[in-house]
Ligand SMILES: [Zn+2]
């Protein structure tokens with residue numbers, strides 16, 4: 001199973017956020033861009049893809065570099081090796097204070113090719129407090145030609161002093177229709193009910209959906225309805241508990257799928273069945289909460305499956 005973002009994500013991941021980044025683009029166009037930009041929003045929704053697009057535009061020497069991948073200017077021809085583009089955060093090592101100090105020293109120099117330099121920091125909340133403090137000084141007295149784009153899905157972990165010095169852009173979660181299109185191929189092996197459960201559990205994050213799909217693909221159990229399991233012999237239910245408990249993700253998917261099954265029973269069953277389904281639903285919620293709180297997933301599933 002590959003963990004690479006499917007190529008089809010690229011054009012689509014740009015469009016849902018066009019509104020959010022338009023002010024940044026306009027500012028760049030007029031030369032009045034903010035030097036420190038903080039972009040927040042759930043992980044895996046296209047913030048980095050957009051940061052690369054904006055960087056390309058900011059560095060382009062003809063002004064066409066954003067949507068025209070064939071822009072012939074010297075800057076656009078540099079690709080990933082552009083000397084005026086710095087990306088930190090792809091490796092956790094790069095977020096340590098020494099690397100940040102090195103970067104900030106380099107920012108005092110003139111850009112090599114373009115009129116500006118762009119620094120993108122992914123997962124900026126992972127900067128050590130020491131590194132954040134080192135960075136603060138630069139945000140207070142920014143080197144004129146450098147544009148910082150800081151990306152995070154946990155903005156509260158950033159120092160307030162950093163947040164307050166940045167122009168903040170918030171990216172919204174992706175809607176289910178976009179996720180469905182972007183992950184069309186990866187979702188193909190799942191039946192309709194499973195697809196819907198995966199999309200619900202992803203909560204608008206492409207990265208989360210990908211993790212859920214990978215977890216789901218590892219076991220055949222996720223490709224068939226879970227309803228029959230609830231009526232299976234005890235031995236089979238106990239065996240299934242191990243699979244459901246394999247990871248936090250498998251627990252999450254299974255709980256959502258089973259909840260859908262219970263809702264169906266509650267809707268169509270006799271009054272006593274409805275009551276039972278609701279009770280099981282509450283216990284299922286309890287199971288998820290305990291699993292998130294580091295409860296023993298396997299024991300929790302065994303207990304729940306035996307109570308059915
Ligand atoms: Zn260009």
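The values are calculated or read from the model by the stated rules, or taken from the named source; none is laboratory data. From a predicted model like this one, the values you see are computed outputs, not experimental measurements. Positions of Cβ are backbone-derived with ideal geometry, glycine not excepted, and every protein chain shown enters the neighbour counts.
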Does residue 85 satisfy the condition of being closer than 18 Å to residue 150 by Cβ and surrounded by 21 or more Cβ atoms within 10 Å (Cβ to Cβ)? yes
Regarding residue 130, is this residue in contact with a helix residue (DSSP H, G or I) (Cβ under 7 Å, 6 or more places away or on another chain), more than 23 Å from residue 58 (Cβ to Cβ) and modelled with pLDDT of 85 or more? yes
Does the range 14-27 hold any residues that are touching a strand residue (DSSP E or B) at 6+ places or on another chain (Cβ under 8 Å) and buried (at least 19 other Cβ atoms within 10 Å of the Cβ), and which are they? 21, 24
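Inspect all residues belonging to the range 171-185 and state whether any of them is closer than 23 Å to residue 57 by Cα and touching a strand residue (DSSP E or B) at 6+ places or on another chain (Cβ under 8 Å).
Yes, the range 171-185 contains a residue that is closer than 23 Å to residue 57 by Cα and touching a strand residue (DSSP E or B) at 6+ places or on another chain (Cβ under 8 Å).
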Taking residue 303 as the residue in question, decide whether it is surrounded by 12 or more Cβ atoms within 10 Å (Cβ to Cβ), over 27 Å from the mean Cα position of the chain (by Cα) and over 24 Å from residue 179 (Cβ atoms). yes
A careful count of residues in the range 37-48 that are surrounded by fewer than 22 Cβ atoms within 10 Å (Cβ to Cβ) and either assigned to a helix (DSSP H, G or I) or within 16 Å of the ligand (Cβ to nearest atom) (or both) gives 1
With the condition being crowded, with 20+ Cβ neighbours inside 10 Å, I'd like the helices (runs of 4 or more DSSP H) fully within the range 132-209 carrying at least 3 qualifying residues. 192-202
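Just to check your reading of the model, which residue among 105, 51 is more than 15 Å from the ligand (Cβ to nearest atom) and crowded, with 16+ Cβ neighbours inside 10 Å?
From the options 105, 51, the qualifying one is 51.
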